[in-house]
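In what follows, a structure is listed as structure tokens, so that the remarks can point back to it.
Each value in this text was obtained by applying a stated rule to the coordinates, not by laboratory testing. None of the values given here were measured: they were computed from a predicted structure. In this analysis, Cβ positions are derived from the backbone assuming ideal geometry, glycine residues included, and neighbour counts consider all displayed protein chains.
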Amino acid sequence: MSLDSVAVAARTVFGDRIDQAEAYVELLRVHGVERGLIGPREVDRLWERHVLNSAVIGERVPKGARVVDVGSGAGLPGVPLAIARPDLDIVLLEPMARRVEWLAEVADKLDLPITIVRGRAEERQVRADLGGADVVTARAVAPLAKLAGWCLPLARPEGILLALKGASAAEEIERDRDAVRRSGGGTPELFEVGTGVLEVPSLVVVIPRLPAPARRKGKK
Ligand SMILES: C[S@@+](CC[C@H](N)C(=O)[O-])C[C@H]1O[C@@H](n2cnc3c(N)ncnc32)[C@H](O)[C@@H]1O
């Protein structure tokens with residue numbers, strides 16, 4: 001994308017919160033590599049490959065939803081989503097202490113009302129504390145089968161897992177469909193988000209958490 005088209009897309013996605021998005025990109029640019037949060041080759045494509053690509057999943061997130069972002073790392077997709085969608089109640093879940101520290105600094109510097117929790121999605125205490133979310137998001141955390149096992153228990157029945165995936169998304173769906181069902185998920189569906197905004201739209205796999213009786217049937 002040209003610099004101009006990135007600027008237009010950023011305005012479209014972040015509206016009058018563009019300053020917060022710029023501040024986040026600047027933090028990533030200046031500190032992301034030295035703190036091992038992003039690869040050196042990513043610095044020149046932070047907007048299109050990371051920040052905008054993450055924020056557009058907001059198209060699949062209902063208004064006012066409670067969201068848990070599993071494995072936020074540098075803050076993706078949770079931080080761009082929180083900037084683009086101030087109506088959401090967002091928790092960033094991350095097990096690594098240094099990343100948790102970074103996320104707390106980002107929230108503080110951007111004055112973002114997000115909650116940061118240190119832990120792993122599959123931990124009993126994490127499930128007890130964060131379960132019942134409307135939406136669970138994840139990007140570059142694990143293959144779909146594992147992700148479903150970790151993330152669906154954090155969603156309320158009929159809540160959804162939104163997994164941002166790359167070009168192999170359709171193959172992953174085919175390969176992991178049965179495992180997803182065994183973890184209590186419904187049929188995974190693949191959507192493009194960011195169409196008309198990004199040169200290359202993002203791919204998101206949407207998996208609903210089935211209500212309890214349907215989950216039991218899926219286990220047979
Ligand atoms: C490759 S990074 C991706 C980070 C970020 N989501 C992104 O797209 O840049 C994977 C992240 O998932 C976290 N992670 C790994 N296993 C996890 C688990 N079981 N529960 C929560 N987070 C996990 C790691 O600590 C790491 O920060």
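Summary of computed values
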{"item": "Length gained when the stretch Val200-Glu174 is fully extended (0.36 nm per residue, less Cα-Cα span)", "result": "7.1 nm"}
{"item": "The chain: most fluctuating residue of Val193, Val70, Val79 per GNM, C-alpha cutoff 10 Å", "result": "Val193"}
{"item": "Calculated from backbone phi, Karplus (6.51, -1.76, 1.60) coupling profile of the stretch 125-140 in Hz, x at Gly/Pro", "result": "5, 5, 4, 5, 7, 10, x, x, 5, 6, 9, 10, 10, 7, 9, 6"}
{"item": "Residues with amide H under 5 Å from that of Val136, placed H, sequence gap 5 or more", "result": "Val68, Ile160, Leu161, Leu162"}
{"item": "Nearest-ten-degree value, helix 18-27 long axis tilted from longest Cα axis of the chain", "result": "90 degrees"}
{"item": "Computed label-point distance, nm, for sites Phe191 and Thr115 using a 7 Å Cα→Cβ extension", "result": "2.5 nm"}
{"item": "J(HN,Hα) series, the stretch 61-68, from Karplus relation 6.51 cos²θ - 1.76 cosθ + 1.60, nearest Hz, glycine and proline x", "result": "10, x, 4, x, 5, 8, 10, 10"}
{"item": "Potential extension, Glu34-Leu3 segment - 0.36 nm per residue separation minus Cα distance", "result": "8.7 nm"}
{"item": "Residue of Pro188, Pro86, Pro40 that the Gaussian network model of the chain assigns the largest fluctuation, springs spanning Cα pairs under 10 Å", "result": "Pro40"}
{"item": "Built amide H within the under 5 Å cut-off of Ala65, gap 5+", "result": "Asp89"}
{"item": "Degrees, to the nearest 10: 97-110 long Cα axis against longest axis of the chain", "result": "60 degrees"}
